[in-house]
Amino acid sequence: MCPREKIVSVIIGDDDNLLSRATKNDQEEECRKRYGPYPQVIPSPYLSNKEDTLPKEVLDCAATMFDLPEVDYRDKGTPDEWLPRDGRLIRLTGRHPFNVEPPLAILDKYKFITPTNLQYVRNHGACPRLSWDEHTVCIGGPLVSTPLELSMNQIASFPPRVLPVTLVCAGNRRKEQNSVKQTIGFNWGSSGVSTSVWKGVLLRDLLIRAGVDSTPNTMRGKFVEFIGVEDLPNKVGPGPFPDEPWGKLVKYGTSVPLARAMNPAYDIIIAYEANGEKLQPDHGYPVRLIVPGYIGGRMIKWLKHINVLTEETKNHYHYHDNRILPPNITAEESLNGWWYKPEYIFNELNINSAVARPDHNECINFQELKEYKMGGYAYTGGGRMITRVEVSLDGGHLWQLATIDRKEEPTEHGMYWCWIWWNFTVSAVDFLGSSSKEIWCRAWDESNNCQPNNPTWNLMGMGNNHTYRVKFHAEPNSAGGFCLRFEHPTQAGQLPGGWMTVPSGKPISAGFGKLADYGGEMSAAAPVPAVPATKDVMKKYTLQEVEKHNTEHDCWIIVKNRVYDCTQYLELHPGGVDSIMINAGMDATEDFVAIHSTKATKMLEKYYIGDLDTGSTEIEKDVSVNADVNSAKVALDPKKKIAFKLREKIILSHDSFILDFALQTKDTVLGLPTGKHVFLSAVINNETVMRRYTPISSDFDVGCIKFVIKAYYPNERFPKGGKMSQHLDSLKIGDTIDIRGPVGEFHYLSIGKFTIDAQLHFAAKFNMIAGGTGITPVMQIASEILRNSDDKTKVRLIFGCQTEKDILLRDVLDEWATLFPSRFSVHYILSESWPKDWKFSTGFVNKTLFEKELFASASDVYNLMCGPPVMLERGCIPNLGSLGHSKKSMFCF
């Protein structure tokens, strides 16, 4: 039941039912005649990463998605594994949550009405599994005289409103902004848009039934609030409203002015059908809000509460989502109240267009080309009509009118709520004569709003609507002629390609100053000039000469055929001496590029001494398994990457798993000193990526190396997610990963003795603080201590995670605490959600927690930490310092 003092049931009388049936017949029949038959597509899940699908006969026999015997392989092991989805949808945030858009070619195929199973989806968490028979919608708030709780059948009994509406994600085309400068949003391409014929009840009809005053001149400053059923994590704290602080979990909600809600011209509906069928789960089943002309982020799915308020909603997501801040506002500066300034809210759609045909990388044989019919879409907000679309082939000097295929009829109030599709025919001569070798398109609406030529960046990457540009290139083909290959600005999600993703494709500026003034990281990278002339500049060094400089006292490396003397930089390197020494005397290009920015490349030039003689040959090295002083076979080589084959994968949770790789033989020892880690590297999307990982296995685990991996899928804060962790998640049994090591400044010896950068230290007690996957290095050390019965070193561990399911290897930690109660203890702290019977801490690490659970400061106490930088820099180091622990007694992995 809804939390209201007074709830009245709704009884729909015969007159209402007669009106409902009559209105239903008129509106639905009109829509079907004009826009039907609505395209219906049964989703075709991908069964593996090979993109294999169910047999055609199985798909043909399915009446609904729930008749399918399989779900997409990426949904297995997630909270959404009950829900079949189409594998063609491009996943923007990994496996979960489900945020997708269709390829542009699919939008172009169906044009005006998009099949529901192939529409874009924006989910912030798991898709709720709701029931038509059990779900209700509550209408209340201080301005409601008759609070209501309506069943779905009661809602469906109101006179229906049926009309087509285009929905657009506020982040549509965001990847273009991310290609200029990273926003805090993930990579939407240009297909975050779709159109359905929606059926529902006008919001104003429900509000009038609930006793809301519809008298003119009484609605100023009043709002209607909408809240969904989801429980989502609060990422920003208690918020600015002391009377309604935000908890650890918040609902997704928003509000619109009451005057707009009560105006029938705006067609705000509470929808329960789309394209002639009940809503699908990902699109809000059983009921959602539709606000025509607004961004999709305001159209609450899985609607539960409608409240009429004397002020704007105080909902968390109403403020910390869907804002277009000025281009100079960074993530740090935004915390100074910018999220709560009403002038930066993004409600009504701005004007936009895109080219759908030709598609990205589409090739046309020029010999066969007489003319080409290109096309795309355009939309705007506010109920305005798209009046024209223009195309230019000469960089915007001459604009020519495209032909508009206008399917939508205006509403009885003269409103237009849908996109249009346009086409433009180009001759072969037009392509040849193009001075810019680009196709530009832009749209105008009836208010003479027009797309700007250049992008203006904003922190959330929303409302991106500059002129859409497709480049074309003349390339030879297999027949001895040439073809035209078309290149869009970006590709959605993690798909590679697009002319804006390379340095030469970025604009000079995007509203926050020249890109070249921002460390070169967001602008075209010019060749790095050599340092001022010295006696060594331009000298040529052979590989054999460079290889002689391979010690800490004489360390050279090669990057892109340039030779650098890094000896003086070893102690200054943030990654430690080992990270450079594993490449000493060698070509470090692949490793350096994989983990360093353009800014770091410029810093390296200080140590440039000459160029590599590329005509020299590399000395053949013995590639046999290494041997230690005891002649045991050792797997790792600090100077060379070695490919290890995956032999087992164990799923721990929806985003965590153990990978078990076989060493060279079943008798091979890993050769990893306790406290050290290794580098994992792989070529991902034509880019070499290298990351540090600490295995959970040791030299006692002969013949294998095991890692606990948490896959970081794309999300709003990190739109690309973790490149390496997602790659590791995709590995199949028999696949390999390149590993090199050992590396690291810390080395635990035994009986409390350890070294940091070869300097000997001692501790009788270790405080260990870990966050997330930071558990692995401290756990490696604790394991070595507890394995040795002669080692009386004591360990107290605080392990912080977001939720209980994120606690990695908890069974092992709890077992240690039981077996070694005098030597090891563990205390957990959860920051986002926890069960009602949770007996450990909640929130974030703090001084009180450390004072209670850790060893007090003393000369024989040392503090080891590994976790997110914000946790270490803001939570751990300051609070340990306030308890008397010196920075000399702290080490961060």
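The values are calculated or read from the model by the stated rules, or taken from the named source; none is laboratory data. These numbers come from a predicted model, not from an experiment. Every residue, glycine as well, gets a Cβ built from its backbone with ideal geometry; the counts of neighbours run over all protein chains shown. Note: areas computed on protein heavy atoms with side chains; ligands, DNA, RNA excluded. Shrake-Rupley method; radii C 1.70, N 1.55, O 1.52, S 1.80 Å.
The charge dipole of the chain, taken about the Cα centre with unit charges on the Cβ atoms of Lys, Arg (+1) and Asp, Glu (-1), comes to about 920 debye, rounded to the nearest 20.
Taking a point 7 Å from the Cα of THR736 along the Cα-to-Cβ direction, the residues of the range 695-714 with backbone N closer than 17 Å to it are 704-705. Rolling a 1.4 Å probe over the heavy atoms of the protein chains gives the chain an accessible area of 44 Å² per residue. Given the Cα-Cα distance of TRP838 and ILE184 and 0.36 nm per residue of separation, how much length would full extension add, in nm? Using 0.36 nm per residue and subtracting the Cα-Cα distance, I get 232.2 nm. In the chain, carbon and sulfur make up what percent of the accessible area (probe 1.4 Å)? Using a 1.4 Å probe with all protein chains present, the chain comes out at 52 percent carbon and sulfur.
The residue among THR411, ALA331, VAL826 whose Cα reaches farthest toward the positive pole of the charge dipole of the chain, with charges on the beta-carbon of Lys, Arg, Asp and Glu, is ALA331.
In loop segments of the range 63-146 as defined by DSSP, the chymotrypsin sites (Phe, Trp or Tyr not before Pro) with at most 15 further C-beta atoms inside 10 Å of their C-beta are TRP82, TRP132. With 0.36 nm allotted per residue and the present C-alpha distance subtracted, the GLU311-ASN477 stretch has 53.4 nm of extension available. With everything on Cα atoms, drop me the angle between helix 810-819 and the longest principal axis of the chain, reported from 0 to 90° to the nearest 10. Tilt relative to the chain: about 50 degrees.
With 23 Å as the limit, the listed pairs LYS181/LYS720; LYS540/LYS606; LYS706/LYS887; LYS50/LYS645 have LYS706/LYS887 beyond it between alpha carbons. Here the label points at ARG34 and ALA105, each 7 Å from Cα along the C-beta direction, are separated by 3.3 nm in the simple model. I need the shape label for the range 184-298. Rule: rounded when a/c is under 1.5, else prolate if a/b > b/c, else oblate, with a, b, c from the alpha carbon gyration tensor. Oblate is the answer for the range 184-298, as a/c is 1.5 or above yet b/c matches or exceeds a/b. The ellipsoid equivalent to the alpha-carbon distribution of the range 789-893 has semi-axes of 22, 19, 12 angstrom, derived from the gyration tensor eigenvalues as √(5λ) and listed largest first. Helix 775-787 and the longest principal axis of the Cα set of the chain meet at an angle near 40°.
In this entry, the range 374-441 is assigned a mean projected area of 4.8 nm², taken as a quarter of its C-alpha convex hull surface. Annotation: amide H of GLY721 within the under-5 Å range of ASN715, sequence separation 5 or more or interchain, hydrogens built in the peptide plane.
Okay, which of the range 391-417 sit inside 16 Å, backbone N to the point 7 Å along the Cα-Cβ direction of ASP26? Zone members listed by number: 411-414.
Cross-link pairs exceeding 26 Å in C-alpha to C-alpha distance, out of LYS56/LYS175; LYS732/LYS805; LYS304/LYS839; LYS407/LYS437; LYS753/LYS805; LYS506/LYS602, comprise LYS56/LYS175; LYS304/LYS839; LYS407/LYS437; LYS753/LYS805. Length available on full extension from HIS397 to GLU51: 0.36 nm per residue minus the Cα-Cα distance, which gives 120.2 nm.
Which FRET efficiency, nearest 0.05, do ILE684 and ASN217 yield, Cβ-Cβ r, R0 56 Å? For ILE684 and ASN217, the calculated efficiency is 0.40. Short to long, the 5 Å bins of the Cα pair-distance histogram for the range 42-84 hold 5, 26, 32, 24, 11, 2 percent of all pairs.
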